[in-house]
Amino acid sequence: MEIEKIDHLGIAVNSIEQGKNFWTDVLGLEFDGTETVEEQKVTTAFFPVGESEVELLESTTPDGPVAKYIEKKGQGMQHIAFRVKDIDAALKELKEKEIALIDETPRKGAGGAKIAFLHPKSTAGVLVELCQRDD
Ligand code: ZN
């Protein structure tokens, strides 16, 4: 599998509006605007940092995956996303290595990316996202 870089770090927040000030006003990062991904019941906000980005995640409904995550673990680091060249090949390879996958096939993420999550039980407790962007 070819991993190109850390694409982004996903951080679960109760409110992007309230949570974004630290990243913009304190750290001085640029705010790239928000995007809602309906299938995942989440609104995302991206803050570019060099080659990577910080992604804030706010649930659009109380039963969304991000809301459930915050309910269980509180706000904070939720996942790490690696940019891969070929997500289909990567998933095939991981399957052969018996890594538990949350997404057996890629789905649509923010910014038109193809994404898939690996199950934390196979990754020492870290929610790992693979992400392929055609830019
Ligand atoms: Zn992500």
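Side notes on the structure shown:
- Multiplying the residue separation of residue 5 and residue 17 by 0.36 nm and subtracting their alpha-carbon distance yields 1.5 nm.
- Rough spin-label spacing in nm, given labels placed 7 Å along Cα→Cβ, for residue 60 and residue 99: 2.9 nm
- Förster radius 30 Å - calculated FRET efficiency between residue 26 and residue 107, Cβ distance, rounded to 0.05: 0.35
- Charge dipole (debye, nearest 20) of the chain; +1 at Cβ of Lys and Arg, -1 at Cβ of Asp and Glu: 480 debye
- Length-normalised contact order for the stretch 1-94 - Cα pairs under 8 Å, 6+ apart - percent: 42 percent
- Peptide packing for 35-47, 12-24 was compared via the average number of neighbouring C-beta atoms within 10 Å per residue; ordered from the highest value, the list is 35-47, 12-24.
- Cα-derived Rg to Rh of the chain, Kirkwood definition: 0.96
- Separation between Cα centres of the stretch 95-135 and the stretch 1-36, rounded to whole Å: 19 Å
- Amide H within-cut-off set for residue 78, under 5 Å, with H built and near neighbours excluded: 10, 11, 12
- Protein accessible area in the stretch 3-132, 1.4 Å probe - carbon and sulfur %: 52 percent
- GNM result for the chain, Cα springs below 10 Å: residue of 125, 74, 112 fluctuating most strongly: 125
- For the chain, the share of DSSP beta bridges that are antiparallel, to the nearest 5, is 75%.
The values are calculated or read from the model by the stated rules, or taken from the named source; none is laboratory data. On a predicted model such as this, the values are computed, not experimentally measured, just so you know. All Cβ positions, glycine included, derive from the backbone under ideal geometry; neighbour counts span all protein chains shown. In case anyone asks, the SASA skips ligands and DNA or RNA and just uses the protein heavy atoms, side chains included. Shrake-Rupley method; radii C 1.70, N 1.55, O 1.52, S 1.80 Å.
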